[in-house]
Amino acid sequence: MKRYIKTTVLSFALVSLLGACKEQLDVKNPNQPTPGSAATETGVIALGQGGIYVSGFKEVKYYDGVPGRFWTGAVGFHELMGDVIGEEAANVYGNQIGMPDYVILDDGTRVVNPSAINTQMALLRTVNVNANAGANPLYYEWAYMYNINNAMNSVLAIAEATSFSGDAAAQTTKKNTIKAWAYWWKGYAYSRIGSMYYAGIINNETGVTNGNYIAKEKIIEEATKNLDQAATLLSGLTNDATYLGVMKGLIPDFNQVGKGVPPTPEMWKRSINTLKARNILVNTPAKSMTAAQWGQILTLTNDGVKATDYVFTGRSNDNGDFFARTDGNIAAKATGAPGSVTYKVSERLIQDFPAGDKRLDNNFTKLASAALFNSDRGNSFNTRWQLVSGGKGLAGVAVLSNQAVGAYELYLAGTYEENELMKAEAKIYTGDIAGGLAAIDAVRTYQGAGLAPLSGLSLDAAKEELRKERRVGLAFRGLSFYDARRWGVITDGRKGAVVVDKAGKVNTNATIAYNFLDYWDVPDNELAYNPAAAGSAPTKNPK
């Protein structure tokens, strides 16, 4: 096997040993090495890699092959609730996670959620028990992100005890690059916990935990603290051979292509700014955003990811070491005939492509007749659309899915498009409509949409163009639920929606009432073994 496979195997074993409390969200390995075996230059780099790409995104205690691992299962829940995809399969309640309370068709017929539990909120409370083990959808993102956090705690502790080769400057560079890596991913993990769960735990020690649950806002503060620590370390680094050598060891070889080439310290700092901007944006209702918050987002995005920057990405390889080419990402699981894939392309996603958008032409095929699914599971995921692997060959147009080995570039964190659309939103909401429209145009040009520039729009029309562009320009990237939440779609619903009913009739003015839970309760898989200590914040969303 190639070097990177050996690296991740060692790292996975070490994370299992160092990363979790005995009774909690651990992954056990009977051949665990001792902690001292990682206290070498190659060992701590191996631990840094495997703690992310194996323990962090691939391996947790439970697994269901239908939703898949983190990038299809946990992230799939986001895209289901954001109505980018639909699902008929009942594994981990996927067919109910994205099921709205009801749909009102064009003729006034009201189609209610057919689930026995009846609503998504009721479902999430009913199934959130430790006895459900891996059938509890609330478990997965929590488990993956605390795996990352625990692994990076180990990396930080071991890096301090490791002797690095080279002169004093090289030793400092190696150590600080590894520490920046750990703080970045800890900030990332806390960002996702604070953006999805009503409460969380701050744990910055190795091999222990605590029952001090704190509010989601405090978790986001902890994310910012760690991201800032990473940025401070990066400010003292240069893009020299020593830095690059460590980065090439931390990132699997097959990911170091395209946008996934190891970023320079300055590029990495811009990724940090983009993630910090995301944390503000997605955790604040749009109607509640203050001028100060919009100002923060503009400051961060003005120094955020650029079109030419390298960012953190993932790829498939022949062995499927990180993810499998045919089903290891959301787009792959939605590619092909709707009746043969797990995720169905939502009619509402297609509806949001502007007329004449080459991205729609290049990536989707309209079926001769609608694909219909079990009516006892609702009909909001019936669809007339099929996602095409590799696109249709339109030059310069973004390809949204590619099932060839190594062809699909999975973005693990922020991107140029996300950064520009956050900048666009901040400008639009602070009166610079023209500037916001220019940023939307920049994204469309970057993706080869082939659309005429936007101009002369009212505030409401500009907001609508932004809404649509975030859905289509960031499709399958796991951001749709955040948007639906902060824009009030999950509570207020969607009007004028395209829905294919159980008879195959296309409704073009339907109303969808989602009524989804905005922040998830702490999973009982955690609370059963780590109950909340006195003085903890509530672990259950009061909604």
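Only the coordinates and a few stated rules stand behind these numbers; no lab work does. Quick caveat: nothing in here was measured; it's all calculated off a predicted structure. Note that we place each Cβ from the backbone using ideal geometry, even for glycine, and neighbour counts take in every protein chain shown.
Residues in the range 111-149 that are over 30 Å from Gln49 (Cα atoms), out of contact with any Pro (no Cβ under 8 Å at 6 or more places or on another chain) and among the aliphatic types (A, V, I, L, M): Val111, Val112, Ala116, Ile117, Met121, Ala122, Leu123, Val129, Ala131.
Restricting attention to the range 459-486, the residues that are surrounded by fewer than 18 Cβ atoms within 10 Å (Cβ to Cβ), closer than 24 Å to Arg359 by Cβ and not charged (D, E, K, R) add up to 1. For the condition touching a Leu at 6+ places or on another chain (Cβ under 8 Å), assigned to a helix (DSSP H, G or I) and not aromatic (Phe, Trp, Tyr), Thr274 qualifies.
Selection over the range 515-536 of residues that are within 25 Å of the chain's Cα centre (by Cα), of a type in the set (A, V, I, L, M) and assigned to a loop (DSSP other than H, G, I, E, B) gives a count of 2. Quick check on my filter: what residues within the range 166-204 are more than 23 Å from Lys216 (Cα to Cα), outside any helix (DSSP H, G or I) and in contact (Cβ under 8 Å) with a residue 12 or more places away in the chain? Selection gives Gly166 alone.
Could you tell me which residue of the range 487-543 is surrounded by the most Cβ atoms within 10 Å (Cβ to Cβ), considering only residues that are out of contact with any Leu (no Cβ under 8 Å at 6 or more places or on another chain) and of a type in the set (Ser, Thr, Tyr)? The extreme case among them is Tyr514. For the range 435-452, the count of residues that are in contact with a helix residue (DSSP H, G or I) (Cβ under 7 Å, 6 or more places away or on another chain), within 27 Å of Ala324 (Cβ to Cβ), in contact (Cβ under 8 Å) with a residue 40 or more places away in the chain and part of a loop (DSSP other than H, G, I, E, B) is nonzero. In the range 228-249, the residues that are in contact (Cβ under 8 Å) with a residue 12 or more places away in the chain and farther than 11 Å from Ile272 by Cβ form Cβ pairs under 8 Å with partners that are outside any helix (DSSP H, G or I) and of a type in the set (Gly, Ala, Ser), at six or more places apart or across chains, as follows: Thr242/Gly166. Is one or more of the residues making up the range 146-154 touching a residue at least 40 places away in the same chain (Cβ under 8 Å), more than 20 Å from Trp71 (Cβ to Cβ) and either surrounded by 24 or more Cβ atoms within 10 Å (Cβ to Cβ) or out of contact with any Leu (no Cβ under 6 Å at 6 or more places or on another chain) (or both)? Yes, because at least one residue in the range 146-154 is touching a residue at least 40 places away in the same chain (Cβ under 8 Å), more than 20 Å from Trp71 (Cβ to Cβ) and either surrounded by 24 or more Cβ atoms within 10 Å (Cβ to Cβ) or out of contact with any Leu (no Cβ under 6 Å at 6 or more places or on another chain) (or both). Screening the range 234-287 for residues that are closer than 14 Å to Val311 by Cα and basic (Lys, Arg) and picking the one that is surrounded by the most Cβ atoms within 10 Å (Cβ to Cβ) gives Arg270.
Do you know which of the residues in the range 472-492 that are in a helix (DSSP H, G or I) and touching a helix residue (DSSP H, G or I) at 6+ places or on another chain (Cβ under 6 Å) is farthest from Met121 (Cα to Cα)? Can you show your working first?
Pass one, the range 472-492, residues in a helix (DSSP H, G or I): 472-473, 480-486, 489-492.
Among the residues that remain, those that are also touching a helix residue (DSSP H, G or I) at 6+ places or on another chain (Cβ under 6 Å) are: 473, 480-484, 486, 490.
Values: Gly473: 29, Ser480: 18, Phe481: 15, Tyr482: 17, Asp483: 18, Ala484: 16, Arg486: 17, Ile490: 11 Å.
Filtering first and then ranking leaves Gly473.
Between residues in the range 114-135 that are within 21 Å of Gly493 (Cβ to Cβ) and in contact (Cβ under 8 Å) with a residue 12 or more places away in the chain and residues that are of a type in the set (S, T, N, Q) and not in a helix (DSSP H, G or I), which pairs lie under 8 Å by C-beta distance while being six or more apart or on different chains? What qualifies is Thr119/Asn113; Thr119/Asn515; Gln120/Asn113; Gln120/Asn515; Met121/Asn515; Leu123/Ser115. What pairs can you find where one residue is in the range 385-396 and within 19 Å of Thr445 (Cβ to Cβ), the other is outside any loop (DSSP other than H, G, I, E, B), and their Cβ atoms are less than 7 Å apart, with a gap of 6+ or different chains? Final answer for the pair search is Gly391/Asn362; Gly391/Asn363; Leu394/Lys358; Leu394/Asp361; Leu394/Asn362.
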